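The values are calculated or read from the model by the stated rules, or taken from the named source; none is laboratory data. The shown structure was predicted, so the numbers you read here are calculated from the model rather than taken from an experiment. Here the Cβ is made from the backbone with ideal geometry for all residues, glycine too, and neighbour counts use every protein chain on show.
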C-alpha cells in the first residue's frame, strides 16, 4: 500500500509538472511574441515570430475479463513544438508519455518518442538536429540519441551524416555499447517527388553488427498515378547473396477516372520489427491488433479495385496474399466492402466489409460494420466486428506467435465531444464475447491543444 501511495504521488506530481510546463511555455511564448512584434524587421527577411504549438492527452482505460481479472492504464502525453518556423533558426520538439500500469503489478514508465532541437536557416546551407529522434523513414535505423548534420548543395538536393547511440524508449536509459552512424543524400523535386539513399552502420560492443543501404522514393507519374517504395540491402560479407535484399516495399495507385481507382502493394524481407511494434502500440494505448499481419508475415502482396457507381457510395474488392517463409505458412484473403456517406440524407456514414480467409493458418471469415453521425459538437460511431488478432511471444523460444480467436463478436460505441476549439473528450466502450464470459473495455481520453 505504501508503495502504491508513493508511486501515485509521484505520478500526480508528474501530471502537475506537465500542466505547469504547458502554462509556463504558453505564457513565455506570448511574452516573447509581444516583444518580437515591437522589433522592426527588413522587408524580405525571415519572420522573427516565436511560435508554440502542441497538445496534451490524458488517457485512461480499464479492461475487465470474464474470469474476474482486470487491468488498467493511466497515462499523460505531452507534445510540444516551439521556436522559430522552419528555415528561420532553432526550433524544438518534445513528445513524451508518462504511463502508469496496474495489471497485477504496479509500474510507472516514462516513454520518450522525441526530444530534439533542430537548426535551419535559409541563408545557411547547414542544418543540425540534436537529441533523441526517430529515423525510421529517412535512413532506416530507428531511434537515435545523437546528432544529424546536413548540407544543402542546392535547394532540391542535400547530403549529410548522423551518429549516436541506441536510446531506451521505455525510460531515460541508453546503451553506450550500441552505436549507429551513417551518411545520406536526399532529393526533393516538384509535384511531391522525393528520393533518398543512405549508408548505415550499426556496431555493438566494438563489433560490426550490420551494414546496409537504405533507399526510398516517392514518384507521382502523370496526374493520376502515384508510386512509393523503399528497400534495404545488406552489405556484410557474412550475409548470403539471396538474403542481401532484406526489405522491399512497393505501393502504387492509379485513378482511371474520378470514380475508378486501383491500389497495389508488395512487401518482402525481414520479419517482425519488435522495436517499432512496441513504439506504435504505446502511441495508441486503446488500439487493437487487427492489422498485425504487417508485422508478422515476411511476404505480402495484393491489389484493391475501388468503384464509385453513384454519388456518396463506393464499393471495393481486394485480394491479398501473405507468407511466413520460416514456418512455411501461406494465407490468402478476398475482401468485399462498401461505404456510403450522408446515407439516405440522414447524415449517416456507413462502412462494411466481409473478408474470406483461406490458407495454412488463416483466421475464420470475418466482417466489420461501422455507422457514424455528427451532431454538431458531438460525433458518435458504433462498430461491430467478428475478428480478433493479437501477438504473443513464446516464453521458451522468444518467437512471435500470432493468436486468432475465431467468431469473436465485438461491439463498441465511441463518442467524441468538442468542448471548445482547444479541448475535447473521447469516450469508448467495447464489449467482446465468444459465447462464454465477456470482456469489457472502457477508454477515456481528454485532449487539450495549445
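Odds and ends about this structure:
- Subset of segment 248-279 that is assigned to a helix (DSSP H, G or I) and closer than 22 Å to residue 324 by Cα - its residue that is modelled with the lowest pLDDT: 274
- Single match in 448, 367 (criterion: modelled with pLDDT of 95 or more and either closer than 30 Å to residue 327 by Cα or in contact with a helix residue (DSSP H, G or I) (Cβ under 9 Å, 6 or more places away or on another chain) (or both)): 448
- Qualifying residue in segment 345-361 (condition: closer than 28 Å to residue 434 by Cα and part of a loop (DSSP other than H, G, I, E, B)): yes
- Residue within segment 70-92 that is touching a residue at least 60 places away in the same chain (Cβ under 8 Å) and not in a strand (DSSP E or B) present: no
- Filtered by the rule that a residue be within 30 Å of residue 258 (Cα to Cα) and without any contact (Cβ under 8 Å) to a residue 12 or more places away in the chain, segment 206-244 gives 221, 222, 223.
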